[in-house]
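The values are calculated or read from the model by the stated rules, or taken from the named source; none is laboratory data. All values reported here derive from a predicted model rather than from experimental measurement. Using ideal geometry, Cβ is built from the backbone for each residue, glycine included, and neighbour counts are taken over all protein chains shown. Calculation scope for accessible area: heavy atoms of the full protein, side chains included, ligands and nucleic acids excluded. Shrake-Rupley method; radii C 1.70, N 1.55, O 1.52, S 1.80 Å.
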Amino acid sequence: MELPATGQTTPLIHVAIVEDDLCFRLALTEAIASAGDIRVAGTAGTRAEGLQLLQGAPADVLLVDLGLPDGSGIDVIKAAVQQWSSCSVMVSTNFGDETHVIRSIEVGASGYLLKDSSPAKIVNEIRNLASGGSPISPIIARQVLARFRQIGGGGASPPVAPEETTQLLSAREKEVLELITKGFTANEIAKLMSLSPFTVRSFVRRIYSKLNVTSKAEAIYEARNQGILDG
Amino acid sequence: MKPGIRGFWTANSVRTSTLRSAVIDRAPRRFLKNLPALAALVFSVTLLVALGAFLSLAGSGIQRSGECLHLTKASWQEVETPGYSAPPASLDSHSLPQAWHATALPLTMHPLATAPAGPANLITWVRLGVDGPQAITASWALYGIRLKTDGPIAIYINGKLMYRAQQRGQQWNSLFTPLWVGLEPGVSDTPVREIVIRLEHSPAYPVAVSSLWLGPADALRGRYQVRQWLQEGLPAMLNAAFLAVGVFALFVWLKRCHEPGYLLFFNLSAIAFAAHLHYYVDLPIAHDWFGWLVLNSLCWLLTAVHFLLRLLHGRPLRWLSRGMIAAPLLIGVASLPLPWALPNSPPMLAAFYAVELLMAMTVGFVGGICTWRSSREGRLVVVAIAISVLLGMSDWALHNNVIGPEGWFLGAYTNGVTFTLLGLLMYRRYVNAIDEVEQVNAGLAQRLRLREVELEESHQRLREIEQRQLLSDERQRLMQDMHDGLGSTLISAIRSVEQGRMRDIEVSQLLKDCMDDLKLAIDSMEPVEADLLLLLATLRFRLEPRMESANVALMWNVQELPALSWLDPSSALNILRIVQECIANVLRHTRATVIRVATSAAADGVQVIIEDNGQGFDVAATLWRAGGRGLHNQQRRAQAVDGRVAWVSGETGTRFTLWLPLQRGNLAVM
């Protein structure tokens, strides 16, 4: 594993951690410590501490667990998107299951981390996220596709305003998602589509942010419908 | 009469009373809401009342009574005569026998019932002296309510014959038509001083003369017209209206033959019309077919009323019905106007009328007993019969001079009573029928709502049952999987750790296997939408880290596959476990460096092929050995989804094939 030398071309990646599971926090810090280009900028064990953490200097990557003792990590993700707009949020999950991951992406997370990943994989995922890529699994790809299909041609979905239509998937983005549902990895897709693996991962990031924007538009539409917001 | 036929004609007193209260509650509001309707009602009623007032007041001339002379004093005498004779053109009252008896008008004579065989006929003379001022310039008239005799009538004024009537004897309508003698100024320009009335009659006939009015024709005409209208015109109108409604009922019956009530209505109206026609026709009373009809139609009317009552109370009353048919037949035959039949002598007629009165009383009495409790409408009919009998008795009293000649023949109004009664019955039927239809409609709507609610509830229940079944299936499936896989692995791990037989790295590997098992179990619950590739993709995603750590390269040569509509969570888990087991076997036992996963579509199914470049194994021996539990599990799981597994193994590697059907006949296998 080649480690970029500290203080050289690649800048340090600052990671903030909101995690109540001490074992996993330990595993994380150990994995990060082994990589020279990543540093833990702060840790929090509860939702309150996590929100407090966001008052400080922004980190590059924020790792959030959803099941915090005093509330949901979703709130922390939402706050981070507001307060640390340059930070990439990553949700840590046991199974990478659709319910946890898609919900986090909809409120602004850019990736997820399986808690049983090896230290090398953890470090990889953090680097990947910091450089603008996002991970994805076949089932999540299928879910995302279904979401956009619903928005694009659904009868029950809100009418899409002109600035929101751009948030629909491009043909290549759709192709990437479809290949993922067929079991191809990012590297294989890169070869199939003559792209760099990084480009494939950044496509995924773009798809996630589109999902986030669309979800916000949907939420506003819903709120308008229910009279929560005026006009 | 069938029992079902009574429907329309049978009163439903309970429902009627509740309906009525509802109608009364609604009525005021409806009126207030509907002002135009109220206005129309007031206008129509006012119009009719005003018309009546105008015609009866302006036309009657009663306000000019002062100009008229009311003649109430007369003298009379009776003279025998051998037979009817024409009256002389002029008469000097002094030429008559001077045996005058002074009397007050109205005059009623009571012939002796036991008159000896006397003269063939009598002439009753009535003389009235008139004194008072008379203006001769205008038309005058002599008006009287009635002159009652069965022979010719002649009236002399100042000794001159001025009026003749009943030259051929009494006519049917004579008694109901008032007397009117016009005195034109040119014809007689002297004041009226003496009026002599000549009434020929048979000895037994009760003659009567009402008081007379002498005055200007305009002042008297109103009295005459009101009298005539009330005694003849109005009953005739009622009679005609009754018949018209009867014809209407007939047409209803033609459409609804199963309801005999309508036919009976028509029958009643037709008979009643016939029975009352004699009040208006000026035919002479004689022993002819018309007389026969008059006599008999009353009888038939009673029979019809009896059957109407029977329809209302619903009791057969067989003997009475037979009697009610037999009596008219007997009277009909006995009174036939044929030369060889019996003559219509007064005692005979009296007998007939007695029978008819008896019939009326029987019908009324029996009907009253039968309907008093059960049918409100039957009670109405009985009351109407009673009224009609009373009206008929007033006629009898007039005929026989029990009442003076200025009374009213109320019998003409029995028809009005019958008409009003039947109209009332029809009105009630009509309103009830409409209400009933409305209620039925409301009831239908209500029932529909109830059924909808029930349906919704039963759907809800079905959904719940389905949901419960689904949950139960799912629980069973997971239990089975946990029991066979995760559970047994964990137990053996615990045992090994406790006995210290396992190294940490082995424990860690075992737990990782457990984690993979768990992840796959969770993945199997994600909706894969019949997409086998997505399932395999998920499996790859989960096993990738293990293959990477085992330094095995994976070649992913999959092709698009047709959808497998039977791919539910439990089948998905079976397939995942089959493929997982296969890859685990390769990693565990074969020292392979490359695994190739491929898919292909065949005519009736799809294939998943997994090849490795390991050293291979003896398939038959492994399957036969007890240790080949993994392969047997794969076979069992493949069978559970109606699929097959096959191994081809050699020194250069193993090729595993999982065949799955496109369609599954029986989806309920697990």
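Taking the range B:516-527 as the search range and keeping residues that are in contact (Cβ under 8 Å) with a residue 24 or more places away in the chain and within 8 Å of chain A (Cβ to nearest Cβ), which one is least open to solvent (accessible area, probe 1.4 Å)?
Applying the filter and picking the extreme gives B:ASP523.
Inspect the range A:124-139 for any residue being at pLDDT below 90, in contact with a helix residue (DSSP H, G or I) (Cβ under 6 Å, 6 or more places away or on another chain) and β-branched (Val, Ile, Thr) and give the result as yes or no.
Yes: the range A:124-139 contains one or more residues that are at pLDDT below 90, in contact with a helix residue (DSSP H, G or I) (Cβ under 6 Å, 6 or more places away or on another chain) and β-branched (Val, Ile, Thr).
Restricting the search to the range A:67-87, which residues are surrounded by fewer than 24 Cβ atoms within 10 Å (Cβ to Cβ) and under 30 Å from B:PRO545 (Cα atoms)?
A:GLY67, A:LEU68, A:SER72, A:ILE74, A:CYS87
Would you be able to tell me the number of residues in the range A:176-223 that are within 17 Å of A:LEU145 (Cα to Cα), within 14 Å of another protein chain (Cβ to nearest Cβ) and open to solvent by 60 Å² or more (accessible area, probe 1.4 Å)?
1
In the range B:228-345, which helices (runs of 4 or more DSSP H) lie fully inside it and hold 1 or more residues that are under 14 Å from B:THR414 (Cα atoms) and touching a residue at least 40 places away in the same chain (Cβ under 8 Å)?
Where helices (runs of 4 or more DSSP H) fall fully within the range B:228-345 and carry at least 1 residues being under 14 Å from B:THR414 (Cα atoms) and touching a residue at least 40 places away in the same chain (Cβ under 8 Å), they are B:234-255, B:260-276, B:289-313.
As an exercise: evaluate B:THR622 against (1) open to solvent by less than 40 Å² (accessible area, probe 1.4 Å); (2) modelled with pLDDT under 85; (3) under 27 Å from B:MET555 (Cα atoms); (4) in a loop (DSSP other than H, G, I, E, B) and give the number of the one condition it does not meet.
So the condition that B:THR622 fails would be (4).
Considering only residues that are among the polar types (S, T, N, Q) and buried (at least 17 other Cβ atoms within 10 Å of the Cβ), look in the range B:645-656 and name the one that is modelled with the lowest pLDDT.
B:SER649
Might you check whether a residue that is modelled with pLDDT under 85, part of a helix (DSSP H, G or I) and over 30 Å from B:GLY144 (Cα atoms) occurs anywhere in the range B:447-470?
Yes: one or more hits.
So which residues in the range B:380-404 are assigned to a helix (DSSP H, G or I) and open to solvent by 80 Å² or more (accessible area, probe 1.4 Å)?
Hits for the range B:380-404 are B:LEU390, B:MET393, B:TRP396.
Among (1) in a helix (DSSP H, G or I); (2) at pLDDT 85 or above, which single condition is A:PHE184 missing?
(1)
Could you tell me whether B:LEU391 is at pLDDT 85 or above and in the same structural domain as B:ILE271 (by TED's automatic domain parsing)?
Yes.
Identify, by number, the condition in (1) touching a Cys at 6+ places or on another chain (Cβ under 7 Å); (2) assigned by TED's automatic domain parsing to the domain that holds B:ARG655 that B:LEU490 doesn't meet.
For B:LEU490, the failing item is (2).
Here are the criteria: (1) under 37 Å from the mean Cα position of the chain (by Cα); (2) crowded, with 16+ Cβ neighbours inside 10 Å. Tell me which single one B:LYS255 does not satisfy.
If we test B:LYS255 against (1) under 37 Å from the mean Cα position of the chain (by Cα); (2) crowded, with 16+ Cβ neighbours inside 10 Å, just (2) comes out false.
Give B:ASP481, B:ASP513 a once-over and let me know the one that is touching a residue at least 40 places away in the same chain (Cβ under 8 Å) and away from every other protein chain (no Cβ under 14 Å).
The match here is B:ASP481.
Which ones in the range B:556-575 are more than 22 Å from B:ARG477 (Cα to Cα) and more than 10 Å from chain A (Cβ to nearest Cβ)?
Those that are more than 22 Å from B:ARG477 (Cα to Cα) and more than 10 Å from chain A (Cβ to nearest Cβ): B:ASN557, B:PRO562, B:ALA563.
Find all pairs meeting these conditions: Cβ atoms under 8 angstrom apart; at least six residues apart or on different chains; first residue within the range B:536-552 and facing chain A (nearest Cβ under 10 Å); second residue among the basic types (Lys, Arg).
B:ALA537/A:LYS182; B:ARG542/B:LYS519; B:PRO545/A:LYS121
Of the residues that make up the range B:489-509, is at least one within 23 Å of A:ASP97 (Cβ to Cβ), open to solvent by 60 Å² or more (accessible area, probe 1.4 Å) and more than 11 Å from chain A (Cβ to nearest Cβ)?
Yes - at least one qualifying residue is present in the range B:489-509.
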